[in-house]
Number of protein chains: 2
Amino acid sequence: MKAIANGIWRITIGEPETWNPTSIRKFPVKNEALEKLKKRKIKPEVMEQMQWETSIRGITITLPMEASEDIYGFGLQLKSMNHAGRKRIIKVNSDPPSDTGESHAPVPFYISTAGYGLFVDSFRYISFYMGTVAEKGSSKHMQQENIEHKEFSESALYALKRAKEKRKIIIEIPRVKGVDIYFFTGDIKEVVQRYNLFSGGGCLPPMWGLGMWYRTYGGSSQDTVLELARLFREEHMPMDVLGLEPGWHSHSYSCSYKWSYLFEKPQQMIQQLEQKGYKLNLWEHSYVYPTAPFYEQIMKYSGECEVWNGLVPDFATKEACSIFAQYHQKEFVKLGIKGFKLDECDNSDYNPSDWSFPDSTKFPSNMDGEQMHMAIGILYQNLLYRVFKNELVRTFSQVRSSGALAAPLPFVLYSDLYDHKQFIRGMVTSGFSGLLWAPEVRDCLNENDLLRRLQTIVFSEQALINSWRIPSPPWKQVDIEKNLAGEWMEEATYYTNACRKYFEIRMQLLPYLYSAFVEYYQNGTPPIRALVMDYSNDEQVRNIDDEYMFGKSLLVCPLTIEDKITRQIYLPEGVWYHFFTGEVIQGGKSITIKADYDQIPVYVRENTIIPIAKPVLYVSKDTVFEIKVKEFGTGETQFTLYEDDYETFSYEKGNMNEVILQRDARGNISYIRKGCQKERYKIQCSVKESSKRQEI
Amino acid sequence: MKAIANGIWRITIGEPETWNPTSIRKFPVKNEALEKLKKRKIKPEVMEQMQWETSIRGITITLPMEASEDIYGFGLQLKSMNHAGRKRIIKVNSDPPSDTGESHAPVPFYISTAGYGLFVDSFRYISFYMGTVAEKGSSKHMQQENIEHKEFSESALYALKRAKEKRKIIIEIPRVKGVDIYFFTGDIKEVVQRYNLFSGGGCLPPMWGLGMWYRTYGGSSQDTVLELARLFREEHMPMDVLGLEPGWHSHSYSCSYKWSYLFEKPQQMIQQLEQKGYKLNLWEHSYVYPTAPFYEQIMKYSGECEVWNGLVPDFATKEACSIFAQYHQKEFVKLGIKGFKLDECDNSDYNPSDWSFPDSTKFPSNMDGEQMHMAIGILYQNLLYRVFKNELVRTFSQVRSSGALAAPLPFVLYSDLYDHKQFIRGMVTSGFSGLLWAPEVRDCLNENDLLRRLQTIVFSEQALINSWRIPSPPWKQVDIEKNLAGEWMEEATYYTNACRKYFEIRMQLLPYLYSAFVEYYQNGTPPIRALVMDYSNDEQVRNIDDEYMFGKSLLVCPLTIEDKITRQIYLPEGVWYHFFTGEVIQGGKSITIKADYDQIPVYVRENTIIPIAKPVLYVSKDTVFEIKVKEFGTGETQFTLYEDDYETFSYEKGNMNEVILQRDARGNISYIRKGCQKERYKIQCSVKESSKRQEI
């Protein structure tokens, strides 16, 4: 048993495996930041009660669990948030049809309301039984009898089965002879911060990464991409990032990593897009088709099986990383590509064809297929992060699989699963385990569905519209067949305007959101948080997975098309303000609210000031944001903005200003600028008092 | 490598575990019957090419697979029949939402069109990768390029991914240090027969078990059950078996194994039902509630965890078996109970609550939870079979989980999953691995759905209507809410008559079906078979999973409500006759046929005679069937009927007559009776020639 840092302990059982999340980590523990958190010198009680056993099954760990205890975490979880009473299978699967715990990014880390978090440092498919069973004989005293016919309805039968007595947590780590277990102490938010700082702190995306994203039609050519880029600017649609889908490759499944004949002069295209302020992102996956220039070279450092005729590089070897990285650096990043989207690097038991490699596959690094499935997303992110870092370029990229200790990696998860309610839950749950999630707009049922989904992405970590199936933007035509036929909706102008309105809201919030990411980087507080993180003493919020905190002070309650124009919301104790209308609402209760299809209910904590930027069409290295301060309630409060170059790693050396907006007790607003970096915010205060600059 | 029997070989790798399907088997290999099959002295080629390896993962086996090879088996499979190109996870799960290989009764046994079958003798969760991958570098020669925009539609993308090159079969058996692998040689049907005879031969149900089954409303009382029994007889609805659902217990989940207050005089009820010709079947599950009389006694022989407040008896111990068996024998079987229905003895990862015990659970026998999940269905069947055998009573029972080597056990699988097309596929697939399956009629969308489902059960191994949710029979009211409210349909009389017609068809086919089961018992040929078993040389039938052979000569093509009144069928080469109309159809092609809601298309092989009984309302120990011979085509042919007491084990000592119906070249029909048992068939021949009796 070893104290690792403030509030973090480790128990080593037996001899841990060579490969595990901590052995491939590239970011050091942020000890200094951990020291700034509340001092926690006493180990969590549950740690003393942990029992374990080694057998041919691997290692089985048992911990006590109270009936009232609630459980969060386990990475990206689309089907549920509170895992008390459930079995969780921590196994990468791209399309779990049920609530099993599997996902694109399952993480063997949970947080209990009993005041602790637990992380199993392993790439094995771990089963967590979170209070599903009790000790034999626990129910000996029970003498109930069936008394009602109505017990024999289907729903009643299943309701009967829920355990109410003291339960056990059982963790089964298969195959291993040893493993490290980490304990984190504190309330929910504190445990999450500790886990993120242990991971190396949150990532800080470039400012443009927080702008609007658009992935173009899979059948695009160089000309159609440029035409689309022109159209966005002509119609004043804010747009920072364009993404190319599989069609840009000369072979996509598996990948050639070479431009298709549809893109004759890619370098020219990249430059033309750059001139218009666009950053280009390229779809790929990591399986290497025979026509890839580095096919022969990487073969030796690949797994023993092919997937879709392609090699599976072993990114746990330096050689495979170096071959892949060098090619990407030279052919793409040096040409101005700003990010990638790694697709289908996960696995699927539920799409039962030749999707991926077997769990038993051998890799040159001695990882097996199981470990590689759990590690590949992180290995790829580490590798790509390094490519960009070498070029001193901050990326903000996409990846379809991730895992443990991912917080410092500037990659956002996404999915093909499309369900809007699940996408909202994905944002809420991923924040427990150092993950970011994009609730992409893709297929929309109709125009109202488009608006509802857009509202959600505007209040997400990555505001992405993915039009891989349609040549024209969805605000021109939501119907896929008609869109493919080139037919625009009669109301295209109306929906273009309605969408632009939301894009501009996003651009207004860029500085606010950037501050949230700086907090994530500095102290591990996720930009998007379940209410239970900020209000852990409020029993009412323990199962709320369709509302969330966005940055420091906004509480977002998105609606989906199923909700039509009303939904129930819960606001914690205190006074809340409607972000758009200013309407005052007393919290501590559930209420039903109305929101027309062009409205999203967003609430502001009492006594808050929020910086609002004048929307720009895109972020460039010279962008200076004109900031107004939006006030809610009265009384002393402050908000810190951060200024740096927004796109290099200079901030890591402290090259970042703090701009502290303040409202005093009399309602006067002023600001102080600490630091000597170039000014990126032009702040209009509501009071005359001039701003002060403070050098540090 | 060891020759086990004619056409069966074993390879032992390392040291196999203590617990596996062959170590709990209660039926000896039927060597004599195996000797009667085609002599096979040459080992399958693939056996020589098998490679294996032991690691911390367990044992991984690799075999070659041709691109054209097709794969069947793996036990009950509701989602697909041909497993070529798929990963199969052999793990008990009650409600797999996707085509993973999991089911109520997965079996680690497959049959390849390459002329062999392979059985892994293990209770571990085995993964079979049936040609999902190729060796690294196999595709080196490929130089394709994306050339069409239309490749980027979703369906095209997935179609692109199917491997076409030479593949590998990879079998991963986790955790073990040793295992026995069995090879069976021959064409598909022969391999299935060998597997079934290796298992101990097929079961022979009592004749009444092949009659009509009805499970009553879960909220039934003694009086309502008796009233229903009266109604069936009054309305001349053939009915042999009544089943009681959870409500008969004083506590059901987990079980008290005691009558509820709703059944005041169960012994009297059983007798009254017996007098009317009914056999009674009791729902239960095997988890023991504290009020069960043997709770204290069985605690010591139970697993370390509770499920739903109940103990999980370890039926791999003699003690738990003996406690459970003695109670059942004394309290139920001696009183006249003729069978049980073991519910929810499977497991579920997809219903993520406290459904069952963890895989790591320890049992007194030293089985772990994983092994117990795979074994519990078979252990229970062995135990119950013994209880009935001790009383010299043949049972035909139900169970929701089964596994390897189950052929001799007179238990039928069922499910809560309700999908009619899947239920048909279940019949077809279960026949590959020694399992029986009941495509129960439960919830029906409407009256036509009721008819379609009824038509299927009439041509199944167990003709079961499960009305656990409705007090009145579905032919009185299909709507559940209205049925609960006691409201009958206006057309109740019409549907009562329509259903009776089908029940009578079932009763007409009882002797025919009984012969099919005797064949199952004697030579391992399943009563229901995929077309690929009988027509393995016809490439057209390799993926047909919605038609099947029923007994020796009938080919059944059920329709579902989705089909409305037409469907495509395929009939193999040769002349076929419509069973009901006599219409002649030339086979060897697909045709679209029409079948009104009150019709089911059933075809008869050319040159066939089929015994048709005058329908009885139920089978008693004195029943004598009046048989007419239905003729199809002309020419010499024969059909063998079997006579015994229909309900004891006397047949095992050879106390069974063969009654051989014959049609000679001139079209004259006669029969020969071999054996000296009591005559159960009164046969009306179409020719004058008197019958001969031949003593043996």
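The values are calculated or read from the model by the stated rules, or taken from the named source; none is laboratory data. Bear in mind the structure is a predicted one, so any value in this text is a computation, not a measurement. Every residue, glycine among them, receives a Cβ derived from its backbone with ideal geometry; neighbour counts consider all protein chains shown. SASA here: full protein model, heavy atoms, side chains in, ligands and nucleic acids out. Shrake-Rupley method; radii C 1.70, N 1.55, O 1.52, S 1.80 Å.
About its Cα centre, how strong a charge dipole does the stretch A:218-353 have in debye, to the nearest 20, once Lys and Arg get +1 and Asp and Glu get -1 at the Cβ?
Using Cβ point charges on Lys, Arg, Asp and Glu, the stretch A:218-353 gives about 600 debye.
Please report the accessible area of B:C676 (heavy atoms, 1.4 Å probe, ligands and nucleic acids excluded) in Å², nearest 10.
B:C676 has an accessible surface of roughly 90 Å² with all protein chains in place.
Mind giving me the nanometre distance, one decimal, between the label points for A:E490 and A:R10, set 7 Å out from Cα along Cα→Cβ?
6.7 nm
If the chain between A:K594 and A:Q51 were fully stretched, how many nm would it gain, using 0.36 nm times the residue separation less the Cα-Cα distance?
190.4 nm
Tell me, what is the per residue accessible area of the stretch B:373-506 in Å², probe radius 1.4 Å?
Here the per-residue accessible area is 25 Å².
Specify, for chain A, the residue whose C-beta is closest to the rotation axis mapping it onto chain B, with the distance given in whole Å.
Value returned for chain A: A:P97, 2.
Based on the Cβ-Cβ distance of B:D223 and B:R500, what FRET efficiency does E = 1/(1 + (r/R0)^6) give at R0 = 22 Å, to the nearest 0.05?
Once the sixth-power term is evaluated, E becomes 0.35.
Could you pull the copy-to-copy label distances for B:K177, with points set 7 Å along Cα to Cβ, in nm to one decimal and sorted shortest first?
Between copies, matching label points for B:K177 lie 1.2 nm apart.
Starting from the stretch B:470-507, pick out the trypsin sites (Lys or Arg not before Pro) whose DSSP state is loop and whose Cβ has at most 10 other Cβ atoms within 10 Å.
none
Please find the FRET efficiency linking B:T648 to B:H578, where r is the Cβ-Cβ separation and R0 is fixed at 51 Å, and quote it to the nearest 0.05.
The computed FRET efficiency comes out at 0.85.
Place a label point 7 angstrom from the Cα of A:Q586 along the Cα-to-Cβ direction, then list the residues of the stretch A:543-571 whose backbone nitrogen is under 18 Å away.
Zone members listed by number: A:569-571.
What's the FRET efficiency of B:K674 with B:K39 using the Cβ-Cβ distance as r and R₀ = 22 Å, to the nearest 0.05?
Using R0 = 22 Å, I get an efficiency of 0.25.
Where the only charges are on Cβ atoms (+1 Lys, Arg; -1 Asp, Glu), what is the dipole of the stretch A:207-520 about its Cα centre, to the nearest 20 debye?
1040 debye
Span-like helices, chain B: DSSP H, alpha-carbon axial extent 20 Å or more, mean Kyte-Doolittle -1.0 or greater, which ones?
Helices passing the filter in chain B: B:369-390, B:492-508.
Can you give the accessible area of B:D95 in Å² (nearest 10), computed on protein heavy atoms with a 1.4 Å probe?
The accessible area of B:D95 comes to roughly 40 Å².
How large a share of the accessible area of the protein assembly as shown, in percent, is made up of carbon and sulfur atoms when the probe is 1.4 Å and the other protein chains stay in place?
Details: 22350 of 47210 Å².
The C+S portion of the solvent-accessible surface of the protein assembly as shown is 47 percent.
Using only the Cα atoms of chain B, build the gyration tensor, take square roots of its eigenvalues as a ≥ b ≥ c, and label the shape rounded, prolate or oblate: rounded if a/c is under 1.5, else prolate if a/b is larger than b/c, else oblate.
rounded
Over chain B, calculate the relative contact order: mean separation of alpha carbon pairs under 8 Å at least 6 apart, over the residue count, as a percent. Mind dumping the intermediate values first?
Numbers: 1621 pairs, mean separation 89.6, N = 696.
RCO, chain B: 13 percent.
Once you've got the Cα coordinates, tell me which of B:K30/B:K341; A:K87/A:K140; B:K177/B:K341; A:K341/B:K79; B:K279/B:K630 are over 26 Å apart. Numbers along the way, then the final one.
Working: B:K30/B:K341 28 Å; A:K87/A:K140 24 Å; B:K177/B:K341 36 Å; A:K341/B:K79 33 Å; B:K279/B:K630 30 Å.
As for pairs spanning more than 26 Å Cα to Cα, those are B:K30/B:K341; B:K177/B:K341; A:K341/B:K79; B:K279/B:K630.
Give me the accessible area buried between chains A and B, both sides summed, with a 1.4 Å probe, in Å² rounded to the nearest 100.
8100 Å²
Take peptide A:307-313, look around each residue's Cβ out to 10 angstrom, count Cβ atoms belonging to other protein chains, and average those counts.
Mean partner-chain Cβ count within 10 Å for A:307-313: 5.
What does the highest-first list of A:252-262, A:19-29, A:190-200 look like by mean Cβ count within 10 Å?
So the order, starting with the most tightly packed, is A:190-200, A:252-262, A:19-29.
Give me the one-decimal nm value for the distance between modelled label points at B:K334 and A:L392, 7 Å along each residue's Cα-to-Cβ direction.
Each label point is offset 7 Å from its Cα along the Cβ direction, giving 9.3 nm.
Suppose all protein chains stay in the model; what accessible area per residue would a 1.4 Å probe give for the stretch B:524-608, in Å²?
So the stretch B:524-608 comes to 39 Å² accessible per residue, rounded to a whole number.
Using a label position 7 Å from Cα in the Cα→Cβ direction, what is the ascending list of nm distances from B:E234 to the same site in the other copies?
B:E234 label point versus its equivalents elsewhere: 8.1 nm.
Given H placed 1.01 Å from N in the peptide plane, which residues other than close sequence neighbours of B:H249 have an amide H under 5 Å from its amide H?
The list, which skips near neighbours in sequence, is B:S260.
Under 18 Å from a label point 7 Å along Cα→Cβ of B:M1: give me every residue in the stretch B:60-80 with its amide N that close.
B:61-65
Go through A:Y681, A:S430, B:S590 and say which Cα lies farthest out towards the positive end of the charge dipole of the protein assembly as shown; charges sit on Cβ, +1 for Lys and Arg, -1 for Asp and Glu.
Towards the positive end, the residue furthest out is A:S430.
What does the accessible area of A:V393 come to, in Å² to the nearest 10, when a probe of 1.4 Å is used?
Only protein atoms counted, so the area is about 30 Å².
With θ taken as phi - 60° and the coefficients 6.51, -1.76 and 1.60, list the Karplus ³J(HN,Hα) couplings across the stretch A:539-549 in order, rounded to whole Hz; mark glycine and proline as x.
4, 5, 9, 4, 10, 7, 10, 10, 9, 7, 7
Starting from the 7 Å offset along Cα-to-Cβ, what nm value, one decimal, do you get for the label separation of B:E626 and B:E165?
Label at B:E626, label at B:E165, 7.0 nm between them.
At 7 angstrom along the Cα-to-beta-carbon line, where would the label on A:E606 sit relative to the other copies? Give the distances in nm, shortest first.
Output for A:E606: 9.1 nm, nearest copy listed first.
Rounded to the nearest 20 Debye, what is the dipole magnitude of the stretch B:168-259 about its Cα centre when Lys and Arg each give +1 and Asp and Glu each give -1 at the C-beta? Provide the component values of the computation, followed by the final result.
Working: 9 positive and 10 negative charges, 95 e Å.
Once rounded to the nearest 20, the dipole reads 460 debye.
Please say if the protein assembly as shown is rounded, prolate or oblate, where rounded means a/c under 1.5 for a ≥ b ≥ c the square roots of the C-alpha gyration tensor eigenvalues, and otherwise the choice is prolate for a/b larger than b/c and oblate otherwise?
Note, shape of the protein assembly as shown comes out prolate.
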